[in-house]
Amino acid sequence: MPENKKSTIRLQLCFLVAACVLPVWLLAAVMVRHAYVTKLDQVNRDMLVNARAMSLVVDRELANVQASLAALATSPSFRNRDLPAVYQQCKEVLRNYPGVDIVIADRDGQQLINTYRPFGSTLPKRSNLAMVRRIFGTGQPQVSDLFTGAVTKRPLIAIDVPVIIDGSVAFDLSMTFSSEKLSTILQSKNVFKEWYGAVLDRNGVITARTGNLGDVVGKRAGAELRRAAAAAGEGSIMQTFPAKEEAFTAFAKSSFSGWTVAFGVPRELVLHQIYLWVAWTVVGVAAISMLGILLATFIGHRIASDVLSLVEPALAIGQGRVVTSIRSESVKETTEVAEALVQASHLLQRRETERDLAERQLSLAMDELRSETAEKIRALEELRRQEQLLTQQSRQAALGEMIGNIAHQWRQPLNALGLMVQQPPLFYELGQVNREYLEEHARKTMQIVKHMSQTIDDFRSFFRPDKEKVRFRIADEVGKTLSLVDGGLQSLNIAVELKQEGDPCIEGYPNEFSQVLLNILLNARDAIVERAVESPRVIIAIGEEKERSVVVVTDNAGGIPEGIIDKIFDPYFTTKGPQAGTGVGLFMSKTIIEKNMGGVLTARNVAGGAEFRIEV
């Protein structure tokens, strides 16, 4: 054979490898096709099993709620129409169902109790009156579709049971919970986190979903899913979403509620897994092809020897062992590959060591962060609880003061009213009783009664909590506060002088502002009484400084001792003793002015007394 017609060893090895690997590639193609079909069937089966299981979970949750309501419906308090007792029993039941409310309605759908609101609050009719009619019409428990709550204005789901008294339905007892509760159940029970689950009510409206809850709750599910769910109790379909995304979807209908639980997985995700399996198959076929190359080493023994010398180090690297050296002397290329493998082995070992160290450091940091976060949360909760307690104690202390002030405010009108009652018999004996006298006597008497009634209204308004900030005149609130304590101050001969420059107005809570003034005035009164001050007086100055409204209250009770002036705004600090003071009045006053209204409350000693300054 001519020299130029001889085939090279490389060409002969290529022919040999092709002959060896061609059947393997054909087999791989068949396996890929089989894997595609098998994977799709497996995905559909897994989704259907998950949908059935989740349907049972939803049924169990709803059945537990229905059983709790049925037990509550047997309470004797319903028969006795003791709604306050029923309200407390509902609160006890809700300890086992956080984030849930109980609603009790009559035949017209009028809510009698709603645990979302305090007992006695004005409540509207229920928004799902059809549900109420079914309860009173059938006398059987009912599960609602998704609706918007009449009180909470949130998407809700309700389970209603009848309260039967003497053989007839007397009340509709309902437990309502938001769609987030079902979404939480779906999220916790979803075995395959890449899948998404949804719950549809009987109208095909989405009531719960894993992920993006606020975007889809309350909207109708896709037309393909609604048609399939209406035609069969369970099954699987290929669903197309408005964003042109296709997904494999399986559904199962609940026998308890009639709802449908559906699970879906994006088609791209399934195909990605199949493509990944194909990639591994190709890698496997490539490895088999390498065996063909090794068979070709019979043609070039020296080449095969060097190639085989690389196998053991490669396996060692794959097992995580360190490769220090590879013996390869015949072929330059295999020697270079051997050196690269040694370098790769050292690099992998170094990277693995660095990764382990980083993971340990990250774990320690996460543990420390969780501990710090938990401690801060506990501290914030304790601070919030203490602040609420101090607010309540301050209100109670002010209430005790107000009772005494009511007595002072009523003492003079009552004396005058007593004299007015004694006048008619005396004038009758004197023969001076006529129509004009009786009309004038009635007019004066009613003026006194109206004055006493207005006093009660003023005190009731003072203790009504403000719900939102409003703009109010400082002079009005000062006048209202003085009207509450004027009788008590006059009885102690304490002169009150009011100075006003301009007519400042501020944004805030008028009743809370009045409470601050009241606390300061009562403290001044107590100091004057304790020290038996001669010619006692209190000066209240209203004005504006540097675009801020200012109220300054000054007394002549001798001032605050320098040793405690820095502590008077601390909680529970008092100089009156445990029987006379709680130590929360000035603390709450500072909290109201500085935290609630964004102002400043300070105190200092001036000539002859103390000065409290409010800037808002």
Next item on the list: Determine, for each peptide in 357-363, 170-176, 78-84, the mean count of other beta carbons within 10 angstrom over its residues, then list the peptides with the highest first.
Entry: 170-176, 78-84, 357-363
Check: Between their Cα atoms, which of Lys153/Lys181; Lys376/Lys567; Lys499/Lys567 are more than 18 Å away from each other?
Finding: Lys376/Lys567; Lys499/Lys567
Item checked: Accessible area in the full protein assembly, largest first, 1.4 Å probe, for His34, His346 -> His34, His346
Note to self: With only alpha-carbon pairs counted, each pair once and no self-pairs, how large is the Kirkwood hydrodynamic radius of region 44-268 in angstroms?
What the structure shows: 18.3 Å
Checklist line | Percentage relative contact order, region 465-615, counting C-alpha pairs under 8 Å, at least six apart | finding: 23 percent
Check: Ratio of Rg to Rh for region 465-615, alpha carbon only, Kirkwood?
Finding: 0.94
Margin query: What does the extension gain come out to for Ala287 and Gln490, with contour length at 0.36 nm per residue minus their alpha carbon separation?
Written below: 62.6 nm
Notebook entry, point to check: Packing-wise, with mean Cβ within 10 Å as the measure, how do 375-381, 26-32 rank, highest first?
Noted result: 26-32, 375-381
Notebook entry, point to check: Relative to the present Cα-Cα distance, how much length would full extension add between Glu268 and Arg220 at 0.36 nm per residue of separation?
Noted result: 14.9 nm
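The values are calculated or read from the model by the stated rules, or taken from the named source; none is laboratory data. The structure presented is a predicted model; accordingly, all values stated were derived computationally and were not measured. Neighbour counts run over all protein chains shown; Cβ positions are idealised from the backbone, glycine included. The accessibility values were calculated without ligands, DNA or RNA, using every heavy atom of the protein model including side chains. Shrake-Rupley method; radii C 1.70, N 1.55, O 1.52, S 1.80 Å.
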